[in-house]
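Structure first, commentary second.
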Amino acid sequence: MKQQQLMKEAHLHMPQGVAENYRYWGDDKTVFIQHAHGCELTDSDGKKYVDFRLGYGPIILGYQDARVDDAVIRQIKQSGILTGFATELDTEVVKQIKALCPHIDKMRFANSGTEAVMGAVRTARGFTGRERIALVEGSFHGLYDELMWKSDIENWQPGDKHAPSVIPFGAGIPAKTRELVDIIGLNDFEALEHLFKHRSDQLACVLLEPIIGNAGSISASQTWLQRLRDLCDQNGTLLLIDEVKSGFRVAKGGAQSLYGIYADLTTYAKAMGNGYPVAAFGGRAEVMDVVGSNKGAVVHGGTYTANLVGLSAAHATLDILANTDALNTVDEAGTRIKQVLSNVFTRAGLAHAFAGPPAMLGIHFTPDVPQTYRDWRKTDSRLYNLFAWELIERGVMLEPDSREPWFFCEAHATVDLSWLEDVATQSLKAAQDKAVR
Ligand SMILES: Cc1ncc(COP(=O)(O)O)c(C=O)c1O
């Protein structure tokens with residue numbers, strides 16, 4: 001197996017033998033990719049997969065989309081990758097985003113979701129003159145020390161009287177950063193009222209994913225999100241919606257357009273560049289105008305900001321998303337595949353529920369759609385994990401953790417549904433057999 005040789009060598013050069021933590025799936029299971037096209041991956045041993053993981057969501061059209069790749073090549077042949085100066089494209093791309101997301105007045109760019117969130121949080125603090133921030137249980141906002149606090153759900157049982165303890169993601173996170181962060185549960189009205197009662201004049205922003213792309217697309221209810229919006233307004237707190245996963249994916253205008261509830265600041269990344277590294281944050285002009293170079297302004301910048309590889313990819317991708325049926329195709333593919341899987345689960349007598357929109361589909365083995373991250377703990381995530389590994393074995397790529405949704409892209413329009421149904425049926429049977437052993 002070539003992959004195992006590659007892993008052995010990589011161990012000599014990188015911690016865990018991988019370029020970043022989330023790629024390590026164990027010494028015998030870590031996947032090395034040799035080729036990616038459309039919605040298909042080929043690993044270094046030549047095994048092919050239909051990919052529903054899509055690099056954690058950025059691929060919205062497909063791998064090697066020629067419309068995007070050609071635009072990038074044209075751009076870098078014309079003007080290189082970066083000069084550290086402004087280009088016309090900066091404004092062009094912001095105008096494209098504003099046309100799809102009319103709640104945005106002004107933006108700045110970044111190179112990753114993490115960096116966009118960092119810029120947005122700093123802007124919220126600069127605008128409000130406050131330091132505290134609140135997060136929602138189960139959300140993920142990138143590897144930024146202050147936001148690397150999470151509810152220890154694995155060591156919490158449904159029915160426990162106490163809330164899960166809040167722990168750092170790992171070593172190296174200063175305990176002091178915890179002092180500035182509150183964590184509340186999604187759809188928990190009591191926690192929301194309590195938060196604003198106790199933090200009203202200290203809270204710079206509440207940061208959340210309304211459709212939690214990092215907790216199986218468990219979603220805020222319309223009334224809870226509206227109450228959050230209202231409380232933010234009443235308390236001078238900014239609503240910061242992280243659309244790094246949902247933006248330009250669940251709808252042209254992102255999750256906010258599905259709810260009709262809009263943030264003061266929003267972060268985007270992933271789908272905006274079909275996999276090219278590009279991100280942005282933006283919002284109301286009054287808020288964004290605290291960014292600048294005057295004394296007292298919020299500082300934002302970076303060598304690679306708005307580099308022309310990322311920006312030309314965003315320009316081409318956003319043009320396709322705005323002016324073609326691509327996102328309908330993505331939705332239809334997700335809806336068809338959801339139906340196929342539902343048939344498989346129903347035939348096997350397995351209680352199941354889907355969360356979130358079809359383009360970013362949470363699949364949970366439980367009778368009712370989870371409403372909170374703690375509800376996720378009631379799902380049969382062990383069976384899901386066994387099922388996922390059986391699917392991977394049979395050529396369906398996905399994250400083996402049900403907190404990661406299934407992602408769909410335009411290229412999934414051609415997936416052979418009867419093949420998928422067979423493979424899912426076999427995989428579920430094998431997983432259920434293993435589960436009772
Ligand atoms: C909602 C959300 N915000 C921020 C991030 C961080 O983005 P990046 O990995 O590009 O730094 C992620 C990554 O998955 C995310 O899902």
Quiz prompt | helices (runs of 4 or more DSSP H) contained in the range 373-437 and holding at least 3 residues modelled with pLDDT of 95 or more and not charged (D, E, K, R) | solution = 381-393, 417-436
Practice problem: Give the number of residues within the range 307-346 that are among the small types (G, A, S) and more than 30 Å from G80 (Cα to Cα). | Solution: 3
Practice problem: Please indicate, with yes or no, whether at least one residue in the range 150-171 is in the same structural domain as V309 (by TED's automatic domain parsing), in contact with a Gly (Cβ under 6 Å, 6 or more places away or on another chain) and within 16 Å of the ligand (Cβ to nearest atom). | Solution: no
Exercise. Would you check which residues across the range 204-216 are in a loop (DSSP other than H, G, I, E, B) and of a type in the set (A, V, I, L, M, F, W, C) and list them?
Key: A215
Exercise. Check V121, V50 and return the single one that is farther than 20 Å from G247 by Cα and either within 16 Å of the ligand (Cβ to nearest atom) or in the same structural domain as A411 (by TED's automatic domain parsing) (or both).
Key: V50
Practice problem: Return a yes/no flag: does the range 107-118 have any residue that is at pLDDT 95 or above and away from the ligand (no atom under 16 Å from the Cβ). | Solution: yes
Quiz item: If only one of T425, T372 is among the hydroxyl-bearing types (S, T, Y), open to solvent by 30 Å² or more (accessible area, probe 1.4 Å), closer than 26 Å to V330 by Cβ and touching a residue at least 60 places away in the same chain (Cβ under 8 Å), which one is it?
Solution: T425
Quiz item: In the list T305, T317, which residue meets the criterion of being open to solvent by 10 Å² or more (accessible area, probe 1.4 Å) and within 16 Å of the ligand (Cβ to nearest atom)?
Solution: T305
Exercise. For residues that are within 14 Å of the ligand (Cβ to nearest atom) and not hydroxyl-bearing (S, T, Y), tally how many sit in the range 206-228.
Key: 12
Quiz item: Looking at L41, L61, which is the one that is more than 29 Å from E146 (Cα to Cα), of a type in the set (A, V, I, L, M) and under 19 Å from the mean Cα position of the chain (by Cα)?
Solution: L61
Quiz item: Can you name the condition, by its number, that L195 falls short on among (1) on the phi > 0 side of the Ramachandran plot; (2) touching a strand residue (DSSP E or B) at 6+ places or on another chain (Cβ under 9 Å)?
Solution: (1)
Exercise. Among the residues of the range 265-285, write down those that are away from the ligand (no atom under 15 Å from the Cβ) and open to solvent by 10 Å² or more (accessible area, probe 1.4 Å).
Key: R284, A285
Self-check item: Looking only at the range 238-258, and only at residues there that are of a type outside the set (G, A, S) and more than 16 Å from the ligand (Cβ to nearest atom), the one that is farthest from the chain's Cα centre (by Cα)
Solution: L238
Exercise. Check whether at least one residue in the range 328-350 is buried (at least 17 other Cβ atoms within 10 Å of the Cβ), over 30 Å from L417 (Cβ atoms), modelled with pLDDT of 95 or more and in contact with a Lys or Arg (Cβ under 9 Å, 6 or more places away or on another chain), and report yes or no.
Key: no
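The values are calculated or read from the model by the stated rules, or taken from the named source; none is laboratory data. Here the structure is a predicted model, which means the values were calculated and not measured. Glycine gets a Cβ as well: all are built from the backbone with ideal geometry, and neighbour counts include every protein chain shown. Quick note on the areas: whole protein, heavy atoms, side chains included, nothing else; ligands and nucleic acids left out. Shrake-Rupley method; radii C 1.70, N 1.55, O 1.52, S 1.80 Å.
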